[in-house]
Amino acid sequence: MALKSVTDAAGLLRRHPILWLIGLVMGVLAVLDLVVPLEVGTFYAQPLLLLQVLVMPFVAGGVYGVIKEKNFSGSEFVRSGKHCYFRILLPSFVIYFAIMLTVFLLAIPLALIGGGIAANMAALILGVALSIAFFTFFYDTAAVFEGTKVFESIRRSVEFVMNNLWGVLAFYLINILVLVVLGFLALFAWSALLVDKLEPLVSMSPAELQTLMPEDLLALIGTEGVWITAIVYAVVIFIFSAFHYTYKASFFSNRASGAARLQELQGEFDEKGRWYKY
């Protein structure tokens, strides 16, 4: 089912350009996230992050909505984005606060037993976030495709993952594989475009390369290099975001509808050969 959903997602992206809109939005935000802090200042990094948090529920709801309704018009995209906005936004806040609360509750006993929690706080947050996100990742598709409310969409995501564990693992692995391939191609293109500016790195010793700081690399590639880096990064985000959200919608829709059909078919024959559903 995971591979079939890849084919379905590729077909949808090929036939319906409106689905690429989420990639376009994510690509523009990626350029801003990279260029604005460097060119304007880090003061604007947090407002940009907030903007992304507020924009994503609309475009994600638009993508899921047009796929659900099989109406790939711009008006349906806008209608679905508005209709599903808070259905996606509110559960994301609940999940975020659940992660922070879990980190806080784990940090207290670790600090009391002298676990060096201050030095490992980033690892703790990442571990908790990945653990919770693994099971709640499909809350947004549940909210749109099944019309669930805030806590019900989170519960439905956990149920969906538990009932389709191997398929979900395949889903995650396929996304990681696609991202790795895109990242490799982007790194190759970036190196080719900046080969002249990166040439001094070839003559550096391993010890010098180890002491190379990000600001040194930025000074080496210059403003032009920063913009080339931002554009290459944006292209990767553009392609991956469009694929990921379309694939996620196809995967959830296929699995959920398949389970519903199976449930409808469950039943038994009585001694006279009559069919009774459970």
Which of the residues belonging to the stretch 186-215 are surrounded by 12 or more Cβ atoms within 10 Å (Cβ to Cβ), within 20 Å of residue 227 (Cα to Cα) and not basic (Lys, Arg)? 186, 187, 189, 190, 193, 194, 198, 201
Checked pairs for the stretch 188-214, first over 18 Å from residue 233 (Cα atoms), second loosely packed, with under 10 Cβ neighbours inside 10 Å, C-beta under 8 Å and 6 or more apart or across chains, list as 201/209
How many residues, within the stretch 76-110, are open to solvent by less than 40 Å² (accessible area, probe 1.4 Å) and of a type in the set (Phe, Trp, Tyr)? 1
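Please report, ordered by residue number, the helices (runs of 4 or more DSSP H) entirely within the stretch 20-130 with at least 2 residues that are within 28 Å of residue 141 (Cβ to Cβ) and among the aliphatic types (A, V, I, L, M).
On the way: elements: 21-39, 45-69, 74-83, 85-112.
It comes to 21-39, 45-69, 85-112.
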Kindly indicate the residue of the stretch 131-176 that is under 16 Å from residue 246 (Cα atoms) and β-branched (Val, Ile, Thr) and also most open to solvent (accessible area, probe 1.4 Å) among those meeting that condition. 176
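Scan the stretch 61-75 for residues that are open to solvent by less than 60 Å² (accessible area, probe 1.4 Å) and small (Gly, Ala, Ser) and jot them down. Spell out the reasoning first.
Residues of the stretch 61-75 open to solvent by less than 60 Å² (accessible area, probe 1.4 Å): 61-67, 72-74.
Once the filter is applied, which keeps residues that are open to solvent by less than 60 Å² (accessible area, probe 1.4 Å) and small (Gly, Ala, Ser), the stretch 61-75 yields 61, 62, 65, 73, 74.
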Here the residues within the stretch 216-242 that are surrounded by 15 or more Cβ atoms within 10 Å (Cβ to Cβ) and either of a type in the set (S, T, N, Q) or in contact with an Asp or Glu (Cβ under 7 Å, 6 or more places away or on another chain) (or both) are 229, 241
Identify, from the list 144, 181, the residue that is among the aliphatic types (A, V, I, L, M), over 30 Å from residue 108 (Cβ atoms) and in contact with a Cys (Cβ under 7 Å, 6 or more places away or on another chain). 144
Qualifying positions in the stretch 1-44 - open to solvent by less than 90 Å² (accessible area, probe 1.4 Å), at pLDDT 90 or above, within 15 Å of the chain's Cα centre (by Cα) and farther than 15 Å from residue 249 by Cβ: 25, 26, 27, 29
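The values are calculated or read from the model by the stated rules, or taken from the named source; none is laboratory data. This one's a predicted model, so the numbers in the text were calculated from it and none came from an experiment. Glycine gets a Cβ as well: all are built from the backbone with ideal geometry, and neighbour counts include every protein chain shown. Protein only, heavy atoms only, side chains kept; ligands, DNA and RNA dropped before computing areas. Shrake-Rupley method; radii C 1.70, N 1.55, O 1.52, S 1.80 Å.
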